[in-house]
Amino acid sequence: MPDHDKKILIVDDFGKTGKILVEMLDHLHVASESVENSEQAFLKLRECDYDLVIADSRMPKVNGVSLLKQIRQTKPATKIALMSTFDSAGTQRMVATDGIDYYLPKPVKLSHLEKIIADLSK
């Protein structure tokens, strides 16, 4: 049964990725849900406070970095993580300069999620 003390929102335009991450987080007993775009993400953020939002770096309309910057302005206590298939110096620089709390390389490993969940629990 998921631990409802922590809530995570996943934003990824490829729905299958979100479903896989929800399953991985369920395995870690963490409540999570997935949406496929920034509009859906903001609707969910109005309904609920999340401990963490994980967003893909490349999405149509609003990319992950822009989405996470907007979340940082409206929900400053929410931790944010950026997922990317491209582990470039530029992506790492964005994480460092844009106030992103975590970087998750794709494919996301369960061990990476475990570390983030442990950090959220501190």
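Numerical summary
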{"read-out": "Members of the range 75-100 that are part of a loop (DSSP other than H, G, I, E, B), at pLDDT 90 or above and within 13 Å of the chain's Cα centre (by Cα)", "value": "Thr78"}
{"read-out": "Among residues of the range 39-57, those that are over 16 Å from Tyr103 (Cβ atoms), assigned to a loop (DSSP other than H, G, I, E, B) and not acidic (Asp, Glu), counted", "value": "2"}
{"read-out": "Single condition Leu21 does not satisfy, out of (1) touching a helix residue (DSSP H, G or I) at 6+ places or on another chain (Cβ under 9 Å); (2) modelled with pLDDT under 95; (3) assigned to a helix (DSSP H, G or I)", "value": "(2)"}
{"read-out": "Count - residues of the range 1-57 that are without any contact (Cβ under 8 Å) to a residue 60 or more places away in the chain and in contact with a Gly (Cβ under 8 Å, 6 or more places away or on another chain)", "value": "8"}
{"read-out": "Tally of residues being in contact (Cβ under 8 Å) with a residue 40 or more places away in the chain and either assigned to a helix (DSSP H, G or I) or over 20 Å from Gly15 (Cβ atoms) (or both) across the range 58-74", "value": "2"}
{"read-out": "Residue match in the range 31-53 (condition: surrounded by fewer than 19 Cβ atoms within 10 Å (Cβ to Cβ), under 23 Å from Pro76 (Cα atoms) and basic (Lys, Arg))", "value": "yes"}
{"read-out": "Test: residue in the range 38-48 that is among the hydroxyl-bearing types (Ser, Thr, Tyr) and farther than 19 Å from Lys106 by Cα", "value": "yes"}
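The values are calculated or read from the model by the stated rules, or taken from the named source; none is laboratory data. The model shown is predicted, which means the values in this text are computed figures rather than measured ones. Please note: Cβ atoms are built from the backbone with ideal geometry, for glycine as well, and neighbour counts cover all protein chains shown.
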